[in-house]
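Here's the structure we're looking at; comments come further down.
The values are calculated or read from the model by the stated rules, or taken from the named source; none is laboratory data. All figures in this text were calculated on a predicted structure; none of them were measured in a lab. Cβ coordinates were reconstructed from backbone atoms using ideal geometry, including for glycine residues, and neighbour counts include every protein chain displayed. Surface accessibility is based on the protein's heavy atoms, side chains included, excluding ligands, DNA and RNA. Shrake-Rupley method; radii C 1.70, N 1.55, O 1.52, S 1.80 Å.
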Amino acid sequence: MEPEERAFQEKVDADIRIEPRDWMPEGYRKTLIRQIGQHAHSEIVGQLPEGNWITRAPTLERKMILLAKVQDEAGHGLYLYCAAETLGVSRDEMTEMLLSGKMKYSSIFNYPTLTWADIGAVGWLVDGAAIMNQVPLQRTSYGPYSRAMVRICKEESFHQRQGYDIMMKMAQGSEAQKRMAQDALNRFWYPSLMMFGPSDANSVHSEQSMAWKIKINSNDELRQKFVDQTVPQAEYLGLTVPDDTLAWNEDKGGYDFAEPDWDEFFDVLKGAGPVNHDRLEARRKAWDDGAWVREGLLAHAEKKRSAKVAAE
Amino acid sequence: MEPEERAFQEKVDADIRIEPRDWMPEGYRKTLIRQIGQHAHSEIVGQLPEGNWITRAPTLERKMILLAKVQDEAGHGLYLYCAAETLGVSRDEMTEMLLSGKMKYSSIFNYPTLTWADIGAVGWLVDGAAIMNQVPLQRTSYGPYSRAMVRICKEESFHQRQGYDIMMKMAQGSEAQKRMAQDALNRFWYPSLMMFGPSDANSVHSEQSMAWKIKINSNDELRQKFVDQTVPQAEYLGLTVPDDTLAWNEDKGGYDFAEPDWDEFFDVLKGAGPVNHDRLEARRKAWDDGAWVREGLLAHAEKKRSAKVAAE
Amino acid sequence: MADAKFEALLRLGDNALILGHRVSEWCGHAPVLEEDIALANTALDLLGQTNLWLEYAGEVEGKGRSADDLAFLRDAWDFRNVLLVELPNGDFGQTIMRQYLFDQFNLLNLRALTESKDTRIAEIAEKAAKEAAYHVERSRGTVVGLGDGTQESHARMQEALNLLYPYALELFITDEVDDEMAEAGVFPDPKSLEDAYLVAVAATLQEATLDLPEAHFGHRGSGKDGRMHTEHLGHILTQMQWLQRAYPGQTW
Amino acid sequence: MADAKFEALLRLGDNALILGHRVSEWCGHAPVLEEDIALANTALDLLGQTNLWLEYAGEVEGKGRSADDLAFLRDAWDFRNVLLVELPNGDFGQTIMRQYLFDQFNLLNLRALTESKDTRIAEIAEKAAKEAAYHVERSRGTVVGLGDGTQESHARMQEALNLLYPYALELFITDEVDDEMAEAGVFPDPKSLEDAYLVAVAATLQEATLDLPEAHFGHRGSGKDGRMHTEHLGHILTQMQWLQRAYPGQTW
């Protein structure tokens, strides 16, 4: 190991944050860009499944809560793009990489929201799993990323409570509402488990990322934690987790549960999910249709700056 | 009068049809193109207000009836464009004239269909007024036009009955349905009266058109006939015609009624109706978006013809 | 008077509701992330105003209808919004031009409403006017930026203005409801706001290098009294009211 | 068996209903008048088939539900159509490619259904197969014409095929309902139609100078059993069911 790299690793080990101007290994920078970029894109694409129900939200209050939530997600995207920019990649570059398929977003957003209960399930399960992933990342080694995660986590837990509240109303509601709630749990359970990624045994980057403190816990560890937290919540709602093998394991102090279908995971990742096309198409359209707006505003800002310079 | 023109007028007077290859005055040709073109465009644009409710029709049967009706209108458009083409103007040319605003369509289609009862009112009142205009045109002097009108009239009276049937169901239905029906009558009554055009006293082309038998009855005559026919139908439905001055006039053997607001008529004609923009925009979009389809099909037909010629 | 006040409150509430709905359609689809956030913010404020106006409208009516009942259980004919706010979003320029034309009116109207003899109305207007001031600042700025941007952005903004400006004039059409409310000192006479509106719009357009089109609201029957709407409103309602219509009387 | 037959009939009816709805959206907006008429004709036939299938489904279910009840009063999760038919119209090429991919299946399926041991099904299929034969002729011809037209029309058709073909494969996914119905000789096993389908499609694409994309229906849970749909279905229903939801139990 080169001295620079050793010094870097020592800082990381000592929980001293790495800042943009600090020396860092190229692999660290690249991995971070990929990870933060993917996270940012997930916030942006993640607006879409929930945005799908804003115009159909059942009350004015629910509509406002949902709108505020989706707005928060755009804000999270903004924090994260800013964090990634400190690593030398622009927001536009990252957007182009998303649209060309070079960068990914979380595969969970390739599942559709088919009923209002899905909005509850997304908040409860998807945000729940996201928080599980993100809370440890508040302690990640890269300063700007760590600080973005602190802000994000605060809002996410609020979102999760809102989602659970929707589920509660549905689960305590009419027969049709209960059925909707159960249906949502059925469809979102396994995709939520997939959010932690395949077992670490099969993950190539994990070890180095953990040494760099870009990744803090193992995928399986977090998945277990998520199941242990979520099963009692489902029971409280009177809903059934769609897993016949689910059972409390006294020895490990946690639940035994069925693995999600990883073939499905890789299929969806490769683009064969029910709404992959819709998601990317929506973002592509927003980007292409918006080109004239971005150019127009830029041109105007330029004119104003020139006028100011001329006046000085 | 030139001998050709005298011979022409004598044929017209003797109720002998003028056919495409016959000599005709340039004014006759031009007036016919304008009139038939406007009528054709009205059929095409007239698809839109009813098309607006196809996806929301309340039963499968109503949906099929409405779809069939709008399909008929497209068919009427086709007959009429064909009739106009015999006068030396192509369908594409006429379409371009519609889209550039050089040719008009019936102003009634610049009114929106806001409720399902409007679909009833359009059939009952708008088709009713159209038939009143069109029945005499079966005897018009120009052969292709006259024959198109015969086919059209047969279908139109069927449409009118369907519209009246919708109104009947609504008028005999729930309070909300009755209110919808009355509301539709309120909104479509005066625009329907406008369909016959301003009083002939104010119409410049009327006299010549009547001599040429392109126009058979006066506007006021037809409007009176329409009111006399429609008022008892409204009464039968238990609906109120929105005209306080409406009264039976024993002397003339018809109803006295209020004139529509002709300022409104001219405003809408000039483009200031609630949905003028939507109508023309819809047709423009259909035309522009469809250009590649028309070109593609043409290119394919060309390839096939060349292949056939080469094979011979 | 209760009837007129109910009607006048519906007009305020429905304008905010329908425009808020339209703006919320952008969520996740705006040209820049910052605009996505700003549009969501505008929609949120408008829906908040909707809630306050419709809640009070329901109280004035006295039939026990809540803001949600009024928003989700009336059909198109009972809506009292102007046509401007129900028009489709079009491109971003059309959306932002519609927003500016409405915001500018909304601000003037709300400021005048802070002087209402009805203290409840004055209080709501006080809060809403602050939001509206921010909305105008933003939509005005974007109209100027895009009007005085590139050749393309200029052309698009001029086209949007030509389309929308005639609809803006409906805001100043008055009827008996307006007269009664103005006389009672509860609502301002819309006509009394027209001059200030025209001056403000003219200044914005000048800065945006856009030309005011010759305009004429030729529509008879306005959205304000429910006699006329565009066909778009009905489609908005199919979405907006879907759950309440499909599952009536549930708790959400 | 009644349950499986009910489910299988819903699949037939819902495919026709949702595709008929999509096609009817074109009304008044097609690129050529002749296509407007042809599309309306296809939509009409599909809605007619819907009526027959759903009416019989209701009878088999035995709970007194009419075809209209089934069409207008079920929510998205109870629909049994494949995802292909609920996808948006896109451009005309996408619409016509979707139509061809469905028509070709529908024809094979209906012809096989004329041999059903259930005489009612056989009768309906007899009538519907004649319509489907005409539909295939038309949609196939247009796919060929546009595929082998200009460079632009070729490119658009290839793009449409790439998007839609994976969805077409859902038509051949089978489950217990299919197995039970095939065993009883009431419905053909979808897998038994696959070879003929692939041969027919390949011939069409060759004539259309289009390339079959590598395709894979990776979706778990299919529209056939209601476990999965796209988000588009819900939006279709807000329109389609609006009046029945807003004014329940009325006569129209």
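Given R₀ = 56 Å, what would the calculated FRET efficiency be for residue A:150 paired with residue D:3, taking r from the Cβ atoms and rounding to 0.05?
Values: r = 54 Å, r/R0 = 0.96.
Efficiency for this residue pair is about 0.55.
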Positive dipole terminus of segment D:1-147, leading residue within D:50, D:134, D:72 (C-beta point charges): D:134
Segment B:246-312-segment A:1-51 distance, computed between alpha-carbon centres (Å): 60 Å
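Just the number, please: buried accessible area between A and D, total of both chains, 1.4 angstrom probe, nearest 100 square angstrom.
Working: alone 16290 and 11960 Å², together 26420 Å².
Summing both sides, the interface buries roughly 1800 Å².
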Accessible area (Å², 1.4 Å probe, nearest 10) - residue A:158: 110 Å²
Among A:117, A:301, A:171, residue whose mean-square fluctuation peaks in a GNM of chain A (springs only between Cα atoms under 10 Å): A:301
Label 7 Å beyond Cα on the Cβ vector: residue A:157 copy-to-copy distances, nm: 7.8
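Given axes a ≥ b ≥ c from the Cα gyration tensor, I'd like to know whether segment D:125-186 is rounded (a/c under 1.5), prolate (a/b larger than b/c) or oblate.
Details: a/c = 6.36, a/b = 1.76, b/c = 3.61.
Oblate.
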Exam field: residue D:198 pseudo-label spacings to other copies (7 Å along Cα-Cβ), nanometres: 7.4
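In the structure displayed, which of B:102/B:304; B:102/C:191; A:225/A:270; A:63/B:69; A:69/D:5 lie more than 32 Å apart, Cα to Cα?
With Cα atoms farther than 32 Å apart: B:102/B:304; B:102/C:191; A:63/B:69; A:69/D:5.
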Residue A:255 long-range amide H proximity, modeled H, under 5 Å: A:228, A:249
Dipole moment magnitude, nearest 20 debye, chain A about Cα centre, only Lys, Arg, Asp, Glu C-beta charged: 1320 debye
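Suppose we flag trypsin sites (Lys or Arg not before Pro) only when DSSP calls them loop and at most 15 other Cβ atoms lie within 10 Å. Which is the longest uninterrupted stretch of chain A? Mind showing how you got there, number by number?
On the way: sites that count: A:21, A:102, A:104, A:252.
Longest run free of exposed loop sites: A:105-251.
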Estimated FRET transfer efficiency (residue C:225, residue D:34; beta-carbon r; R0 35 Å; 0.05): 0.20
For segment D:162-230: rounded, prolate or oblate by the Cα gyration tensor [a/c cutoff 1.5]: oblate
Set of aspartates and glutamates with alpha-carbon distance to residue A:154 below 13 Å, sequence-local pairs under 8 removed: A:72, A:73, A:127
Hits among lysines - C-alpha to C-alpha of residue B:303 under 16 Å, sequence gap 8 or more where chains match: none
All aspartates and glutamates inside 13 Å of residue B:285 as judged from Cα atoms, apart from same-chain residues fewer than 8 positions distant: B:96, D:91
Degrees separating the helix C:190-207 axis from the principal Cα axis of chain C, which is the longest one: 20 degrees
Normalised alpha carbon radius of gyration of segment D:2-246 [divisor 2.2 N^0.38 Å]: 0.96
Positive-end residue of B:271, B:254, B:282, charge dipole of segment B:246-285 with Cβ unit charges: B:282
Residue among C:213, C:31, C:188 with the largest mean-square fluctuation in a Gaussian network model of chain C, springs linking Cα atoms under 10 Å: C:31
Computed label-point distance, nm, for sites residue B:61 and residue D:199 using a 7 Å Cα→Cβ extension: 4.3 nm
Label-point separation in nm, residue D:123 to residue A:6, each point 7 Å along Cα→Cβ: 9.1 nm
Between segment C:97-140 and segment C:190-248, the Cα center-to-center distance that results, in Å: 16 Å
Using θ = phi - 60° and Karplus 6.51 cos²θ - 1.76 cosθ + 1.60, couplings along segment D:97-106 (whole Hz; Gly, Pro as x): 5, 4, 4, 5, 4, 6, 3, 4, 5, 4
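Assign one of three labels to chain A, namely rounded, prolate or oblate, based on the Cα gyration tensor with a ≥ b ≥ c the square roots of its eigenvalues; rounded applies when a/c is under 1.5, prolate when it is not and a/b is larger than b/c, and oblate otherwise. List each step's numbers first, then the result.
Working: a/c = 2.02, a/b = 1.23, b/c = 1.64.
Oblate.
Give, in nm to one decimal, the length gained when the segment between residue A:259 and residue A:307 is fully stretched (0.36 nm per residue of separation minus the Cα-Cα distance).
Working: separation 48, 0.36 × 48 = 17.28 nm, distance 6.29 nm.
Contour length minus the Cα-Cα distance gives 11.0 nm.
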Amide H partners (placed H, <5 Å) of residue A:18, local residues excluded: A:142, A:143
Label 7 Å beyond Cα on the Cβ vector: residue A:312 copy-to-copy distances, nm: 7.8
Helix D:119-147 vs. chain D, principal-axis angle (Cα, 0 to 90°, nearest 10): 20 degrees
